[in-house]
1. Would you please put 185-191, 209-215 in order of how densely packed they are, using the mean number of other Cβ atoms within 10 angstrom per residue and starting with the highest?
2. How many Å³ per residue does the convex hull of the Cα positions in region 444-526 occupy?
3. Compute the separation of the alpha-carbon centres of region 151-194 and region 242-316 and state it in Å as a whole number.
4. Place the peptides 89-96, 481-488 in order of packing, highest mean first, counting for every residue the other Cβ atoms within 10 Å and averaging per peptide.
5. Using 1/(1 + (r/R0)^6) with R0 = 22 angstrom and r between the beta carbons of ASP109 and ASP86, what's the FRET efficiency to the nearest 0.05?
6. Give the list, by residue number, of cysteines in the chain with no other Cys Cβ closer than 4.7 Å, or say none.
7. When only Cα pairs under 8 Å and 6 or more residues apart are kept, what is the percent relative contact order across the chain?
8. Taking a probe of 1.4 Å, how large is the accessible area per residue of region 113-250, in Å²?
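The values are calculated or read from the model by the stated rules, or taken from the named source; none is laboratory data. Quick caveat: nothing in here was measured; it's all calculated off a predicted structure. In this analysis, Cβ positions are derived from the backbone assuming ideal geometry, glycine residues included, and neighbour counts consider all displayed protein chains. Accessible surface areas use protein heavy atoms only, side chains included; no ligands, DNA or RNA. Shrake-Rupley method; radii C 1.70, N 1.55, O 1.52, S 1.80 Å.
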Amino acid sequence: MKQCENTSDLWDVRRSTNIAARLSTCAQTWDLVIAGGGITGAGIAREAARRGLRVLLVERQDFAWGTSSRSSKMVHGGLRYIAQGDIKTTLHSVRERERLMREAPGLVDQMPYIMPHYKGRFPGPKIFGLLLMVYDFLAGKRYRKFHNATELSKMLPGLATEGLLGGTEFADAVTDDSRLVMRVLHEAIRDGAEVINYAAVAGVERSDGKVSAVHITDELTGERITLSTNAVVNATGAWADVLRAQEGEQAQIRPARGSHIVLSAEKLPVPVSLTVLHPQDQRPIFVYPWEGRTVVGTTDLDHPDTSNTEATMTQQELDYLLALLAHQYPDAHITSNDVISSWAGVRPLVSSGALNPSKEKRDHSIWDDQGLVTVSGGKLTTFRLIALDVLNTAKAYLPDMPDQDDDAAVLAPADTSHPRFSVLTPQQQRRLGGHYGSDLNQLLAEAEENELSEVPGSCALWAELRWAAAHESVVHLDDLLLRRTRIGLLVEDGGMIFEDRIRAICQPLLAWSDTQWQQEALRYREIWHQHYSLPVGETSTTVQPALVRTA
(Lines give C-alpha, C1' and ligand atoms only; values in the text may rest on other atoms or scores of the structure.)
Protein backbone atom coordinates (compact mmCIF):
# COMPACT_ATOMS: atom_id res chain seq x y z
CA MET A 1 0.00 0.00 0.00
CA LYS A 2 1.15 3.58 -0.61
CA GLN A 3 1.68 5.40 2.65
CA CYS A 4 1.87 8.98 1.32
CA GLU A 5 -0.34 10.75 -1.22
CA ASN A 6 1.26 11.44 -4.60
CA THR A 7 4.21 9.19 -3.83
CA SER A 8 6.37 9.08 -6.94
CA ASP A 9 8.71 6.37 -8.10
CA LEU A 10 11.40 9.05 -8.11
CA TRP A 11 12.64 11.62 -5.66
CA ASP A 12 11.88 15.28 -6.21
CA VAL A 13 14.41 17.59 -7.85
CA ARG A 14 15.42 18.85 -4.43
CA ARG A 15 15.04 17.29 -1.04
CA SER A 16 12.21 19.16 0.72
CA THR A 17 13.47 21.64 3.31
CA ASN A 18 10.34 21.07 5.40
CA ILE A 19 9.98 17.45 6.38
CA ALA A 20 6.82 18.15 8.38
CA ALA A 21 5.09 19.40 5.22
CA ARG A 22 6.47 16.50 3.23
CA LEU A 23 5.09 13.98 5.68
CA SER A 24 1.77 15.78 6.31
CA THR A 25 -0.04 13.62 3.74
CA CYS A 26 1.44 10.41 5.09
CA ALA A 27 0.18 7.84 7.55
CA GLN A 28 -0.59 9.09 11.04
CA THR A 29 1.18 6.08 12.49
CA TRP A 30 4.18 4.46 10.84
CA ASP A 31 4.66 0.75 11.15
CA LEU A 32 8.41 1.13 11.01
CA VAL A 33 10.81 4.07 11.15
CA ILE A 34 14.36 3.22 10.08
CA ALA A 35 17.36 5.29 11.14
CA GLY A 36 20.24 4.87 8.69
CA GLY A 37 20.43 5.14 4.91
CA GLY A 38 23.27 2.75 4.20
CA ILE A 39 22.91 -0.69 2.64
CA THR A 40 21.51 -2.22 5.83
CA GLY A 41 18.78 0.40 6.27
CA ALA A 42 18.01 0.35 2.54
CA GLY A 43 17.64 -3.42 2.56
CA ILE A 44 15.29 -3.30 5.55
CA ALA A 45 13.18 -0.59 3.92
CA ARG A 46 12.98 -2.60 0.71
CA GLU A 47 11.86 -5.82 2.44
CA ALA A 48 9.43 -4.00 4.77
CA ALA A 49 7.82 -1.95 1.99
CA ARG A 50 7.26 -4.99 -0.22
CA ARG A 51 5.26 -6.46 2.67
CA GLY A 52 2.93 -3.46 2.63
CA LEU A 53 4.23 -1.85 5.81
CA ARG A 54 4.15 1.92 6.27
CA VAL A 55 7.89 2.59 6.21
CA LEU A 56 9.88 5.77 6.76
CA LEU A 57 13.68 5.77 6.39
CA VAL A 58 15.72 8.77 7.51
CA GLU A 59 19.46 9.32 7.16
CA ARG A 60 21.33 11.90 9.25
CA GLN A 61 23.72 12.70 6.42
CA ASP A 62 23.36 11.64 2.80
CA PHE A 63 22.34 8.18 1.64
CA ALA A 64 25.35 5.82 1.78
CA TRP A 65 27.42 8.62 3.36
CA GLY A 66 29.11 6.36 5.89
CA THR A 67 30.37 2.82 5.45
CA SER A 68 28.23 2.06 2.40
CA SER A 69 30.09 4.41 0.06
CA ARG A 70 33.54 3.69 1.48
CA SER A 71 33.82 -0.08 1.54
CA SER A 72 36.29 -2.10 -0.51
CA LYS A 73 33.50 -2.48 -3.12
CA MET A 74 33.67 -6.25 -2.78
CA VAL A 75 30.74 -8.63 -2.67
CA HIS A 76 32.55 -11.65 -1.32
CA GLY A 77 31.69 -14.94 0.24
CA GLY A 78 33.95 -14.76 3.26
CA LEU A 79 36.69 -17.17 2.25
CA ARG A 80 38.57 -16.70 5.49
CA TYR A 81 35.55 -17.75 7.56
CA ILE A 82 36.12 -21.30 6.32
CA ALA A 83 39.57 -21.30 7.92
CA GLN A 84 37.93 -20.07 11.12
CA GLY A 85 35.42 -22.93 11.01
CA ASP A 86 32.43 -20.68 10.32
CA ILE A 87 31.00 -22.58 7.38
CA LYS A 88 27.48 -21.21 7.93
CA THR A 89 28.52 -17.58 7.40
CA THR A 90 30.47 -18.52 4.29
CA LEU A 91 27.57 -20.52 2.87
CA HIS A 92 25.12 -17.64 3.33
CA SER A 93 27.58 -15.14 1.88
CA VAL A 94 28.41 -17.23 -1.18
CA ARG A 95 24.75 -17.79 -1.97
CA GLU A 96 23.96 -14.09 -1.63
CA ARG A 97 26.94 -13.23 -3.84
CA GLU A 98 25.62 -15.51 -6.56
CA ARG A 99 22.11 -14.05 -6.20
CA LEU A 100 23.32 -10.47 -6.56
CA MET A 101 25.37 -11.32 -9.64
CA ARG A 102 22.23 -12.82 -11.23
CA GLU A 103 19.95 -9.92 -10.29
CA ALA A 104 22.27 -7.01 -11.00
CA PRO A 105 24.75 -7.77 -13.80
CA GLY A 106 26.70 -4.60 -14.46
CA LEU A 107 26.42 -3.52 -10.84
CA VAL A 108 27.55 -6.70 -9.08
CA ASP A 109 29.95 -8.56 -11.34
CA GLN A 110 32.19 -11.56 -10.95
CA MET A 111 35.85 -10.65 -10.59
CA PRO A 112 38.81 -13.03 -10.70
CA TYR A 113 41.03 -12.99 -7.61
CA ILE A 114 44.58 -14.31 -7.55
CA MET A 115 46.69 -15.21 -4.55
CA PRO A 116 50.40 -15.34 -5.56
CA HIS A 117 52.45 -17.99 -3.79
CA TYR A 118 56.10 -17.43 -2.90
CA LYS A 119 58.64 -19.92 -1.65
CA GLY A 120 58.62 -20.17 2.12
CA ARG A 121 55.47 -18.05 2.55
CA PHE A 122 52.08 -19.12 3.86
CA PRO A 123 49.67 -20.13 2.42
CA GLY A 124 51.14 -22.49 -0.11
CA PRO A 125 49.29 -23.62 -3.25
CA LYS A 126 48.14 -26.94 -1.78
CA ILE A 127 46.67 -25.58 1.43
CA PHE A 128 45.02 -22.67 -0.36
CA GLY A 129 43.67 -25.02 -3.01
CA LEU A 130 42.01 -27.20 -0.38
CA LEU A 131 40.37 -24.12 1.10
CA LEU A 132 39.07 -23.14 -2.31
CA MET A 133 37.63 -26.61 -2.90
CA VAL A 134 35.27 -26.00 0.00
CA TYR A 135 34.59 -22.46 -1.19
CA ASP A 136 33.61 -23.63 -4.67
CA PHE A 137 31.54 -26.49 -3.26
CA LEU A 138 29.45 -24.01 -1.26
CA ALA A 139 28.94 -21.89 -4.38
CA GLY A 140 28.03 -24.90 -6.51
CA LYS A 141 30.56 -23.78 -9.14
CA ARG A 142 34.23 -24.31 -9.80
CA TYR A 143 36.15 -21.07 -10.08
CA ARG A 144 39.58 -22.16 -8.82
CA LYS A 145 42.59 -22.76 -11.05
CA PHE A 146 46.35 -22.63 -10.64
CA HIS A 147 48.76 -20.59 -12.80
CA ASN A 148 52.46 -21.39 -12.78
CA ALA A 149 55.04 -18.63 -12.33
CA THR A 150 55.53 -18.05 -16.05
CA GLU A 151 51.80 -17.75 -16.72
CA LEU A 152 51.31 -15.48 -13.72
CA SER A 153 54.11 -13.12 -14.73
CA LYS A 154 52.48 -12.71 -18.15
CA MET A 155 49.09 -12.06 -16.57
CA LEU A 156 50.47 -9.60 -14.02
CA PRO A 157 53.43 -7.74 -15.53
CA GLY A 158 55.60 -6.03 -12.95
CA LEU A 159 54.70 -8.39 -10.12
CA ALA A 160 57.68 -9.32 -7.93
CA THR A 161 59.07 -12.62 -9.22
CA GLU A 162 61.75 -13.58 -6.69
CA GLY A 163 60.69 -16.91 -5.19
CA LEU A 164 57.40 -16.88 -7.13
CA LEU A 165 55.85 -20.34 -7.36
CA GLY A 166 52.69 -19.33 -9.19
CA GLY A 167 49.24 -18.16 -8.19
CA THR A 168 45.84 -19.58 -7.40
CA GLU A 169 42.83 -17.99 -9.06
CA PHE A 170 39.36 -17.96 -7.52
CA ALA A 171 36.31 -15.72 -7.83
CA ASP A 172 34.27 -13.24 -5.86
CA ALA A 173 32.44 -10.11 -7.02
CA VAL A 174 32.87 -6.34 -7.17
CA THR A 175 30.30 -3.54 -7.02
CA ASP A 176 29.74 0.18 -6.74
CA ASP A 177 28.53 0.17 -3.15
CA SER A 178 26.72 3.52 -3.10
CA ARG A 179 24.93 2.77 -6.39
CA LEU A 180 23.80 -0.53 -4.90
CA VAL A 181 22.28 1.43 -2.01
CA MET A 182 20.51 3.76 -4.42
CA ARG A 183 19.07 0.90 -6.47
CA VAL A 184 17.73 -0.80 -3.35
CA LEU A 185 16.23 2.50 -2.14
CA HIS A 186 14.54 3.04 -5.51
CA GLU A 187 12.93 -0.39 -5.18
CA ALA A 188 11.75 0.45 -1.67
CA ILE A 189 10.21 3.72 -2.89
CA ARG A 190 8.33 1.92 -5.64
CA ASP A 191 6.78 -0.32 -3.01
CA GLY A 192 5.68 2.71 -0.97
CA ALA A 193 8.54 3.55 1.37
CA GLU A 194 9.29 7.18 2.16
CA VAL A 195 13.01 7.97 2.38
CA ILE A 196 14.59 11.27 3.44
CA ASN A 197 18.23 12.24 3.69
CA TYR A 198 19.63 14.87 6.06
CA ALA A 199 17.13 13.90 8.74
CA ALA A 200 18.03 12.08 11.94
CA VAL A 201 16.27 10.04 14.60
CA ALA A 202 16.94 12.07 17.74
CA GLY A 203 15.20 9.79 20.24
CA VAL A 204 12.14 7.67 20.96
CA GLU A 205 9.12 7.88 23.21
CA ARG A 206 7.61 4.91 25.00
CA SER A 207 4.17 3.84 26.13
CA ASP A 208 3.88 0.92 28.54
CA GLY A 209 7.60 0.43 28.07
CA LYS A 210 7.40 -0.03 24.30
CA VAL A 211 8.35 2.43 21.58
CA SER A 212 5.34 4.49 20.54
CA ALA A 213 6.83 7.58 18.88
CA VAL A 214 10.04 8.86 17.39
CA HIS A 215 11.64 12.31 17.36
CA ILE A 216 13.17 13.33 14.03
CA THR A 217 15.43 16.34 13.46
CA ASP A 218 15.72 18.02 10.07
CA GLU A 219 19.48 18.48 9.74
CA LEU A 220 18.99 21.26 7.16
CA THR A 221 16.57 23.46 9.09
CA GLY A 222 16.91 22.31 12.71
CA GLU A 223 13.18 21.58 12.81
CA ARG A 224 12.10 18.68 15.03
CA ILE A 225 8.95 16.64 14.59
CA THR A 226 7.45 13.70 16.48
CA LEU A 227 5.83 10.79 14.66
CA SER A 228 3.85 7.86 15.99
CA THR A 229 5.37 4.50 15.17
CA ASN A 230 5.10 0.88 16.20
CA ALA A 231 8.82 0.24 16.07
CA VAL A 232 12.14 1.91 15.29
CA VAL A 233 15.06 0.17 13.59
CA ASN A 234 18.47 1.57 14.44
CA ALA A 235 20.56 0.72 11.37
CA THR A 236 23.19 3.40 11.82
CA GLY A 237 26.14 1.00 11.71
CA ALA A 238 29.23 2.31 13.45
CA TRP A 239 27.06 4.94 15.14
CA ALA A 240 24.46 2.50 16.51
CA ASP A 241 25.55 2.95 20.13
CA VAL A 242 24.63 6.66 20.05
CA LEU A 243 20.88 6.00 19.97
CA ARG A 244 21.06 3.01 22.30
CA ALA A 245 22.98 5.06 24.86
CA GLN A 246 19.96 7.34 25.19
CA GLU A 247 18.06 4.28 26.36
CA GLY A 248 20.74 3.47 28.92
CA GLU A 249 22.11 0.51 26.99
CA GLN A 250 25.75 -0.58 27.08
CA ALA A 251 28.02 0.14 24.10
CA GLN A 252 28.47 -2.83 21.77
CA ILE A 253 30.15 -1.44 18.66
CA ARG A 254 33.87 -1.23 17.95
CA PRO A 255 34.31 1.09 14.93
CA ALA A 256 37.27 0.21 12.72
CA ARG A 257 38.68 2.37 9.93
CA GLY A 258 39.78 0.99 6.59
CA SER A 259 41.55 3.19 4.03
CA HIS A 260 42.20 2.85 0.29
CA ILE A 261 44.12 4.69 -2.40
CA VAL A 262 43.22 5.08 -6.09
CA LEU A 263 45.82 4.97 -8.89
CA SER A 264 45.62 5.19 -12.66
CA ALA A 265 45.38 1.86 -14.46
CA GLU A 266 48.23 3.00 -16.70
CA LYS A 267 50.53 3.37 -13.70
CA LEU A 268 49.52 0.03 -12.18
CA PRO A 269 47.56 -2.19 -14.59
CA VAL A 270 45.87 -5.15 -12.91
CA PRO A 271 43.26 -7.21 -14.78
CA VAL A 272 42.25 -9.14 -11.65
CA SER A 273 42.02 -8.56 -7.92
CA LEU A 274 45.40 -9.42 -6.47
CA THR A 275 45.53 -10.61 -2.86
CA VAL A 276 49.03 -10.05 -1.50
CA LEU A 277 50.59 -10.27 1.95
CA HIS A 278 52.13 -7.11 3.37
CA PRO A 279 55.88 -7.62 3.96
CA GLN A 280 55.80 -5.98 7.38
CA ASP A 281 52.99 -7.92 9.05
CA GLN A 282 51.92 -10.60 6.54
CA ARG A 283 48.40 -9.21 6.37
CA PRO A 284 46.44 -9.63 3.11
CA ILE A 285 45.87 -6.47 1.05
CA PHE A 286 43.88 -6.17 -2.19
CA VAL A 287 45.10 -4.53 -5.40
CA TYR A 288 42.20 -4.53 -7.84
CA PRO A 289 40.58 -2.85 -10.85
CA TRP A 290 37.51 -0.69 -10.23
CA GLU A 291 35.72 1.68 -12.58
CA GLY A 292 38.73 2.02 -14.86
CA ARG A 293 41.20 2.69 -12.03
CA THR A 294 43.34 0.57 -9.70
CA VAL A 295 42.51 0.50 -5.98
CA VAL A 296 44.79 -0.59 -3.13
CA GLY A 297 43.48 -1.39 0.34
CA THR A 298 42.55 -1.81 3.05
CA THR A 299 43.94 -1.00 6.47
CA ASP A 300 42.21 -1.85 9.75
CA LEU A 301 42.52 0.51 12.72
CA ASP A 302 40.34 1.28 15.69
CA HIS A 303 38.39 4.47 15.02
CA PRO A 304 36.80 5.55 18.32
CA ASP A 305 35.63 8.92 16.94
CA THR A 306 31.91 8.45 16.22
CA SER A 307 31.19 12.13 15.71
CA ASN A 308 29.24 13.17 12.65
CA THR A 309 32.40 13.84 10.61
CA GLU A 310 34.18 12.29 7.64
CA ALA A 311 36.78 9.60 8.25
CA THR A 312 40.21 10.35 6.80
CA MET A 313 43.20 8.25 5.80
CA THR A 314 46.28 9.03 7.88
CA GLN A 315 49.85 9.44 6.69
CA GLN A 316 50.70 6.22 8.50
CA GLU A 317 48.13 4.33 6.48
CA LEU A 318 49.31 5.88 3.22
CA ASP A 319 52.89 4.87 3.97
CA TYR A 320 51.73 1.36 4.79
CA LEU A 321 49.92 0.92 1.46
CA LEU A 322 52.79 2.44 -0.53
CA ALA A 323 55.23 0.09 1.23
CA LEU A 324 53.14 -2.85 0.03
CA LEU A 325 53.33 -1.60 -3.56
CA ALA A 326 57.08 -0.99 -3.34
CA HIS A 327 57.52 -4.60 -2.24
CA GLN A 328 55.09 -6.23 -4.66
CA TYR A 329 55.66 -3.96 -7.69
CA PRO A 330 59.26 -2.76 -7.19
CA ASP A 331 59.76 -1.53 -10.76
CA ALA A 332 56.60 0.59 -10.80
CA HIS A 333 58.15 3.14 -8.39
CA ILE A 334 54.76 4.25 -7.11
CA THR A 335 54.78 7.29 -4.82
CA SER A 336 52.19 9.54 -3.26
CA ASN A 337 52.37 11.70 -6.41
CA ASP A 338 50.61 8.87 -8.28
CA VAL A 339 47.61 8.81 -5.94
CA ILE A 340 44.47 10.21 -7.60
CA SER A 341 42.30 10.03 -4.48
CA SER A 342 41.75 8.13 -1.27
CA TRP A 343 38.85 7.12 0.89
CA ALA A 344 38.47 5.96 4.46
CA GLY A 345 35.44 4.13 5.79
CA VAL A 346 34.40 3.14 9.30
CA ARG A 347 33.16 -0.40 9.69
CA PRO A 348 30.96 -1.42 12.64
CA LEU A 349 32.44 -4.44 14.37
CA VAL A 350 30.59 -5.99 17.28
CA SER A 351 33.02 -5.84 20.16
CA SER A 352 34.09 -8.99 21.97
CA GLY A 353 37.12 -7.45 23.64
CA ALA A 354 39.64 -8.79 21.13
CA LEU A 355 43.01 -7.03 21.26
CA ASN A 356 43.13 -6.55 17.47
CA PRO A 357 40.09 -5.22 15.57
CA SER A 358 40.68 -7.77 12.82
CA LYS A 359 39.97 -10.53 15.32
CA GLU A 360 36.44 -9.30 16.00
CA LYS A 361 33.55 -11.26 14.52
CA ARG A 362 32.15 -10.11 11.18
CA ASP A 363 28.60 -11.40 11.44
CA HIS A 364 25.73 -9.07 12.31
CA SER A 365 24.07 -8.78 15.71
CA ILE A 366 20.57 -7.60 16.66
CA TRP A 367 19.39 -6.12 19.96
CA ASP A 368 15.71 -5.59 20.78
CA ASP A 369 15.15 -2.89 23.39
CA GLN A 370 11.35 -3.08 23.54
CA GLY A 371 10.66 -1.82 20.06
CA LEU A 372 13.99 -0.14 19.41
CA VAL A 373 15.58 -2.81 17.23
CA THR A 374 19.28 -2.22 16.65
CA VAL A 375 21.31 -4.05 14.04
CA SER A 376 25.02 -3.68 13.41
CA GLY A 377 27.96 -5.59 12.02
CA GLY A 378 27.63 -7.94 9.10
CA LYS A 379 28.68 -7.74 5.47
CA LEU A 380 27.48 -5.80 2.47
CA THR A 381 27.04 -9.14 0.71
CA THR A 382 24.39 -10.38 3.13
CA PHE A 383 22.31 -7.20 3.47
CA ARG A 384 19.16 -9.03 2.34
CA LEU A 385 19.52 -11.73 5.00
CA ILE A 386 20.22 -9.06 7.62
CA ALA A 387 17.00 -7.30 6.63
CA LEU A 388 15.00 -10.50 6.98
CA ASP A 389 16.47 -11.12 10.43
CA VAL A 390 15.59 -7.58 11.52
CA LEU A 391 12.00 -7.91 10.32
CA ASN A 392 11.69 -11.23 12.07
CA THR A 393 12.74 -9.51 15.31
CA ALA A 394 10.46 -6.50 14.73
CA LYS A 395 7.48 -8.72 13.93
CA ALA A 396 6.56 -8.75 17.62
CA TYR A 397 5.59 -5.09 17.23
CA LEU A 398 4.03 -5.53 13.78
CA PRO A 399 1.27 -8.10 14.28
CA ASP A 400 -0.38 -7.28 10.95
CA MET A 401 2.78 -7.74 8.87
CA PRO A 402 1.86 -10.16 6.08
CA ASP A 403 4.05 -13.04 5.08
CA GLN A 404 6.13 -12.57 1.95
CA ASP A 405 8.30 -14.79 -0.17
CA ASP A 406 11.70 -14.41 1.49
CA ASP A 407 13.38 -15.49 -1.75
CA ALA A 408 11.77 -12.77 -3.89
CA ALA A 409 14.19 -10.73 -6.01
CA VAL A 410 15.57 -7.56 -4.42
CA LEU A 411 16.18 -5.75 -7.71
CA ALA A 412 13.93 -5.44 -10.75
CA PRO A 413 15.38 -6.10 -14.22
CA ALA A 414 16.83 -3.25 -16.23
CA ASP A 415 14.55 -1.38 -18.64
CA THR A 416 16.44 -1.38 -21.93
CA SER A 417 13.53 -0.32 -24.13
CA HIS A 418 14.77 3.14 -25.10
CA PRO A 419 16.13 3.38 -28.67
CA ARG A 420 19.28 5.07 -27.39
CA PHE A 421 20.25 1.89 -25.59
CA SER A 422 21.37 0.37 -28.89
CA VAL A 423 23.93 3.13 -29.54
CA LEU A 424 25.79 2.37 -26.32
CA THR A 425 28.77 0.04 -26.29
CA PRO A 426 28.19 -3.43 -24.83
CA GLN A 427 30.19 -2.40 -21.75
CA GLN A 428 28.08 0.72 -21.29
CA GLN A 429 24.86 -1.23 -21.77
CA ARG A 430 25.81 -3.70 -19.06
CA ARG A 431 27.07 -1.07 -16.66
CA LEU A 432 24.10 1.28 -17.00
CA GLY A 433 21.62 -1.57 -16.82
CA GLY A 434 23.15 -2.67 -13.53
CA HIS A 435 23.52 0.80 -12.06
CA TYR A 436 20.03 2.07 -12.90
CA GLY A 437 17.80 -0.95 -13.47
CA SER A 438 14.22 -0.03 -14.29
CA ASP A 439 15.16 3.69 -14.32
CA LEU A 440 17.49 3.28 -17.30
CA ASN A 441 14.84 4.03 -19.90
CA GLN A 442 14.05 7.41 -18.37
CA LEU A 443 17.73 8.23 -17.81
CA LEU A 444 18.37 7.76 -21.53
CA ALA A 445 15.24 9.70 -22.46
CA GLU A 446 16.32 12.73 -20.44
CA ALA A 447 19.95 12.77 -21.59
CA GLU A 448 21.04 15.58 -23.84
CA GLU A 449 22.52 14.56 -27.19
CA ASN A 450 26.14 15.08 -26.09
CA GLU A 451 25.76 13.41 -22.69
CA LEU A 452 26.09 9.76 -23.70
CA SER A 453 29.88 10.05 -23.70
CA GLU A 454 32.04 9.13 -20.72
CA VAL A 455 33.46 11.60 -18.26
CA PRO A 456 37.21 11.36 -19.00
CA GLY A 457 38.96 9.31 -16.34
CA SER A 458 35.83 7.41 -15.32
CA CYS A 459 33.28 4.99 -16.72
CA ALA A 460 30.36 7.31 -15.90
CA LEU A 461 28.39 9.08 -18.61
CA TRP A 462 27.59 12.77 -18.38
CA ALA A 463 23.93 11.74 -18.50
CA GLU A 464 24.29 10.14 -15.08
CA LEU A 465 25.01 13.53 -13.54
CA ARG A 466 21.81 14.91 -15.05
CA TRP A 467 19.78 11.95 -13.82
CA ALA A 468 21.11 12.08 -10.28
CA ALA A 469 20.72 15.85 -9.96
CA ALA A 470 17.14 15.66 -11.20
CA HIS A 471 15.92 12.57 -9.37
CA GLU A 472 18.07 11.45 -6.47
CA SER A 473 17.66 13.98 -3.66
CA VAL A 474 21.00 15.73 -4.15
CA VAL A 475 21.46 18.39 -1.46
CA HIS A 476 25.18 19.12 -1.75
CA LEU A 477 27.73 18.81 -4.53
CA ASP A 478 29.54 16.03 -2.65
CA ASP A 479 26.31 13.98 -2.73
CA LEU A 480 26.50 14.13 -6.51
CA LEU A 481 30.22 13.64 -7.14
CA LEU A 482 31.16 11.25 -4.33
CA ARG A 483 28.05 9.05 -3.95
CA ARG A 484 25.46 9.33 -6.76
CA THR A 485 28.38 9.12 -9.17
CA ARG A 486 31.99 8.27 -8.24
CA ILE A 487 33.61 11.01 -10.29
CA GLY A 488 35.12 12.51 -7.14
CA LEU A 489 37.09 9.31 -6.52
CA LEU A 490 38.09 8.60 -10.10
CA VAL A 491 38.95 11.92 -11.70
CA GLU A 492 41.80 14.24 -10.78
CA ASP A 493 40.97 17.08 -8.39
CA GLY A 494 37.79 15.32 -7.38
CA GLY A 495 36.33 15.90 -10.84
CA MET A 496 36.52 19.68 -10.57
CA ILE A 497 38.79 19.86 -13.60
CA PHE A 498 35.41 19.67 -15.37
CA GLU A 499 33.69 22.19 -13.12
CA ASP A 500 32.20 24.25 -15.95
CA ARG A 501 30.47 21.30 -17.58
CA ILE A 502 29.28 19.86 -14.27
CA ARG A 503 27.88 23.27 -13.39
CA ALA A 504 26.11 23.65 -16.73
CA ILE A 505 24.34 20.32 -16.28
CA CYS A 506 23.48 20.47 -12.61
CA GLN A 507 22.98 24.07 -11.52
CA PRO A 508 19.64 24.56 -13.33
CA LEU A 509 18.29 21.21 -12.12
CA LEU A 510 19.22 21.95 -8.51
CA ALA A 511 17.96 25.55 -8.76
CA TRP A 512 21.19 26.90 -7.27
CA SER A 513 21.96 30.55 -7.76
CA ASP A 514 25.45 31.56 -8.84
CA THR A 515 26.25 32.32 -5.20
CA GLN A 516 24.97 28.92 -4.09
CA TRP A 517 27.05 27.18 -6.75
CA GLN A 518 30.16 28.99 -5.59
CA GLN A 519 29.42 28.03 -1.99
CA GLU A 520 28.86 24.41 -2.93
CA ALA A 521 32.00 24.27 -5.07
CA LEU A 522 34.07 25.71 -2.21
CA ARG A 523 32.49 23.32 0.29
CA TYR A 524 33.14 20.34 -1.97
CA ARG A 525 36.77 21.27 -2.58
CA GLU A 526 37.37 21.58 1.16
CA ILE A 527 35.79 18.17 1.83
CA TRP A 528 37.70 16.50 -1.00
CA HIS A 529 41.12 17.92 -0.12
CA GLN A 530 40.70 17.16 3.58
CA HIS A 531 39.18 13.67 3.35
CA TYR A 532 39.62 12.22 -0.15
CA SER A 533 43.05 13.41 -1.22
CA LEU A 534 46.45 12.87 0.38
CA PRO A 535 46.69 13.26 4.15
CA VAL A 536 48.25 16.43 5.50
CA GLY A 537 51.22 15.96 7.81
CA GLU A 538 54.75 14.66 8.04
CA THR A 539 55.61 11.25 6.66
CA SER A 540 55.49 8.44 9.18
CA THR A 541 58.45 6.05 9.19
CA THR A 542 56.98 3.39 11.47
CA VAL A 543 54.24 1.02 10.38
CA GLN A 544 52.19 -0.47 13.19
CA PRO A 545 51.14 -4.11 12.90
CA ALA A 546 47.52 -3.11 13.61
CA LEU A 547 47.23 -1.82 10.03
CA VAL A 548 45.43 -4.87 8.67
CA ARG A 549 42.51 -5.41 6.37
CA THR A 550 38.84 -5.25 7.35
CA ALA A 551 37.32 -7.04 4.37
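1. Details: 185-191: 22.6, 209-215: 16.7.
My ranking of the peptides, most packed first, is 185-191, 209-215.
2. Values: hull volume 6.9 nm³, N = 83.
Output value, Cα hull per residue: 83 Å³.
3. 15
4. Values: 89-96: 21.6, 481-488: 26.9.
Output ranking for 89-96, 481-488: 481-488, 89-96.
5. On the way: r = 26 Å, r/R0 = 1.17.
Computed FRET efficiency for ASP109 and ASP86: 0.30.
6. For the chain, the answer is CYS459, CYS506, because their Cβ atoms have no other cysteine Cβ under 4.7 Å.
7. Numbers: 1153 pairs, mean separation 109.8, N = 551.
The value is 20 percent.
8. Values: 5660 Å² over 138 residues.
Per-residue value: 41 Å².
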